[in-house]
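> Have a look at this one before I ask anything.
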Amino acid sequence: MYTFDSRVRYSETDENGMLSVTGIVNYLQDCSTFQSEDLGLGVDYLKSQNRAWWLSSWQIIIDRYPGLGEEITIGTWPYDFKGIYGYRNFTIQDKSGNFLVRANSIWFFFDTAAGRPVKVTEDDVRGYGSMGAKRLKMNYAPRRIEIPKEFQTGEPVLVCKHHIDTNHHVNNAQYIEIAREFLPDGFHIVEIRIEYKKAAVLGDTISSRISKTEEGYVVILMGGNEIYAVVWFGAQKQKG
């Protein structure tokens with residue numbers, strides 16, 4: 001497992017003084033990025049090889065939101081690579097080792113010159129440790145999220161510069177932040193699933209379809225008739 005320690009900053013908290021949802025996702029993204037950078041397999045290296053790891057899906061279970069000033073440890077490890085896909089777990093723990101956040105993610109390897117996914121080779125993942133690592137204990141949800149037939153529409157969002165990352169796409173965390181704006185006040189998020197379909201870029205307009213389900217809300221972020229991302233927010237804890 002690769003880990004780094006941090007302390008919840010005021011700039012990362014929500015209106016209740018707890019680490020925000022976006023703060024949680026950013027910590028997870030940063031952890032895997034730090035591991036790749038430390039192994040010499042980071043952003044600049046991948047760019048030189050015309051390669052990129054793009055996220056296909058998240059499942060994030062929030063057991064407890066850490067508060068302002070709380071010391072936390074963020075960890076990650078890949079547990080499998082198959083074909084074009086990489087599978088990676090994440091955790092955030094408190095000082096006592098209790099889980100605050102548990103997450104699973106599925107990534108795919110992309111040839112940026114050819115514009116298509118490519119199979120992962122042993123050289124591409126050297127240094128990440130032995131494959132077949134033990135998976136984190138949690139209830140693993142399917143990658144695909146069921147799309148409800150009934151929905152309401154939300155106000156469109158223009159993709160601005162602050163949404164964009166080094167891939168010149170809307171950052172993975174920003175889709176969650178955009179979708180979260182359509183949740184009702186007081187909705188307490190304890191689980192997030194997101195399926196990424198197509199990358200939005202600067203100047204795109206994102207429309208939304210919001211559906212209430214038995215366990216939460218599904219928000220579909222779209223550009224025209226194409227889906228950028230499907231986000232599910234759960235308000236009921238999952239066992240495991």
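Matching residues to (1) farther than 30 Å from Ser208 by Cα; (2) of a type in the set (S, T, N, Q); (3) more than 20 Å from the chain's Cα centre (by Cα):
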site	(1), (2), (3)
Ile61	no, no, no
Ser96	yes, yes, yes
Val101	no, no, no
Arg143	no, no, no
Glu150	no, no, yes
Leu158	no, no, yes
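> Mind listing just one residue for me: the one in segment 38-90 that is small (Gly, Ala, Ser) and without any contact (Cβ under 8 Å) to a residue 24 or more places away in the chain and, of those, nearest to Asn171 (Cα to Cα)?
Initial filter on segment 38-90 (small (Gly, Ala, Ser)): 40, 42, 48, 52, 56-57, 67, 69, 75, 83, 86.
Checking which are without any contact (Cβ under 8 Å) to a residue 24 or more places away in the chain leaves us with 42, 48.
On the way: Gly42: 16, Ser48: 21 Å.
Across segment 38-90, the extreme among qualifying residues is Gly42.
> Do we have any residue at all in segment 156-171 that's farther than 23 Å from Arg51 by Cα and part of a loop (DSSP other than H, G, I, E, B)?
Scanning segment 156-171, I find at least one residue that is farther than 23 Å from Arg51 by Cα and part of a loop (DSSP other than H, G, I, E, B), so the answer is yes.
> Given the criterion surrounded by 15 or more Cβ atoms within 10 Å (Cβ to Cβ), out of contact with any helix residue (DSSP H, G or I) (no Cβ under 9 Å at 6 or more places or on another chain) and free of Cβ contacts under 8 Å to residues at least 24 places away in the same chain, identify the matching residue among Gln35, Gln93. Spell out how you get there, then give the answer.
Numbers: Gln35 fails: free of Cβ contacts under 8 Å to residues at least 24 places away in the same chain.
After ruling out the rest, the residue left standing is Gln93.
> Here is a check on your reading of the model: is Arg180 among the charged types (D, E, K, R), open to solvent by 50 Å² or more (accessible area, probe 1.4 Å) and touching a residue at least 24 places away in the same chain (Cβ under 8 Å)? Write out each step before concluding.
Values: among the charged types (D, E, K, R): yes; open to solvent by 50 Å² or more (accessible area, probe 1.4 Å): yes; touching a residue at least 24 places away in the same chain (Cβ under 8 Å): yes.
Criteria met by Arg180.
> Given the conditions (1) free of Cβ contacts under 8 Å to residues at least 60 places away in the same chain; (2) over 24 Å from Tyr85 (Cβ atoms); (3) assigned to a loop (DSSP other than H, G, I, E, B), which single one is not true for Glu150?
Just one mismatch for Glu150, condition (1).
> Would you check if there is a residue in segment 216-234 being in a loop (DSSP other than H, G, I, E, B), open to solvent by 10 Å² or more (accessible area, probe 1.4 Å) and touching a residue at least 24 places away in the same chain (Cβ under 8 Å)? Let's see the steps before the verdict.
Of segment 216-234, the ones in a loop (DSSP other than H, G, I, E, B) are 224-225.
Within this subset, residues satisfying the condition of being open to solvent by 10 Å² or more (accessible area, probe 1.4 Å) are 224-225.
Restricting the remaining residues to those that are touching a residue at least 24 places away in the same chain (Cβ under 8 Å) gives none.
Within segment 216-234, not a single residue is in a loop (DSSP other than H, G, I, E, B), open to solvent by 10 Å² or more (accessible area, probe 1.4 Å) and touching a residue at least 24 places away in the same chain (Cβ under 8 Å).
> Assess whether Ile178 counts as being β-branched (Val, Ile, Thr) and either closer than 22 Å to Val43 by Cβ or in a helix (DSSP H, G or I) (or both).
Values: β-branched (Val, Ile, Thr): yes; either closer than 22 Å to Val43 by Cβ or in a helix (DSSP H, G or I) (or both): yes.
Criteria met by Ile178.
> Now a separate question. Could you tell me which residue of segment 10-25 is farthest from His169 (Cα to Cα), considering only residues that are surrounded by fewer than 18 Cβ atoms within 10 Å (Cβ to Cβ) and of a type in the set (S, T, N, Q)? First the steps, then the outcome.
Taking segment 10-25 as the starting set, the residues that turn out to be surrounded by fewer than 18 Cβ atoms within 10 Å (Cβ to Cβ) are 10-11, 14-17, 22.
Those still in the list that are of a type in the set (S, T, N, Q) too: 11, 16, 22.
Numbers: Ser11: 24, Asn16: 30, Thr22: 17 Å.
Applying the filter and picking the extreme gives Asn16.
> Now, a different point. Quick check on my filter: what residues within segment 73-90 are touching a helix residue (DSSP H, G or I) at 6+ places or on another chain (Cβ under 8 Å) and either farther than 22 Å from Arg144 by Cα or open to solvent by 40 Å² or more (accessible area, probe 1.4 Å) (or both)?
Of all residues in segment 73-90, those touching a helix residue (DSSP H, G or I) at 6+ places or on another chain (Cβ under 8 Å) come to 74-76, 78, 81, 86, 88, 90.
If the condition is that a residue be touching a helix residue (DSSP H, G or I) at 6+ places or on another chain (Cβ under 8 Å) and either farther than 22 Å from Arg144 by Cα or open to solvent by 40 Å² or more (accessible area, probe 1.4 Å) (or both), then Ile74, Gly75, Thr76, Phe81 are the ones that fit.
> Can you spot a residue in segment 41-48 that is assigned to a loop (DSSP other than H, G, I, E, B) and open to solvent by 40 Å² or more (accessible area, probe 1.4 Å)?
From segment 41-48, those assigned to a loop (DSSP other than H, G, I, E, B) are 41-42; that's our starting set.
Among the residues that remain, those that are also open to solvent by 40 Å² or more (accessible area, probe 1.4 Å) are: none.
Looking for residues that are assigned to a loop (DSSP other than H, G, I, E, B) and open to solvent by 40 Å² or more (accessible area, probe 1.4 Å), one finds none in segment 41-48, hence no.
> Answer with yes or no whether Gln174 is more than 19 Å from Asp14 (Cβ to Cβ) and either within 15 Å of the chain's Cα centre (by Cα) or open to solvent by 10 Å² or more (accessible area, probe 1.4 Å) (or both). Even if it seems obvious, please write down each step before you answer.
Numbers: more than 19 Å from Asp14 (Cβ to Cβ): no; either within 15 Å of the chain's Cα centre (by Cα) or open to solvent by 10 Å² or more (accessible area, probe 1.4 Å) (or both): yes.
The answer is no for Gln174.
The values are calculated or read from the model by the stated rules, or taken from the named source; none is laboratory data. Quantities reported herein were computed from a predicted structural model and do not represent experimental measurements. Glycine also receives a Cβ, built like all others from the backbone with ideal geometry; neighbour counts cover every protein chain displayed. These accessible areas exclude ligands, DNA and RNA; they are computed on the full protein's heavy atoms, side chains included. Shrake-Rupley method; radii C 1.70, N 1.55, O 1.52, S 1.80 Å.
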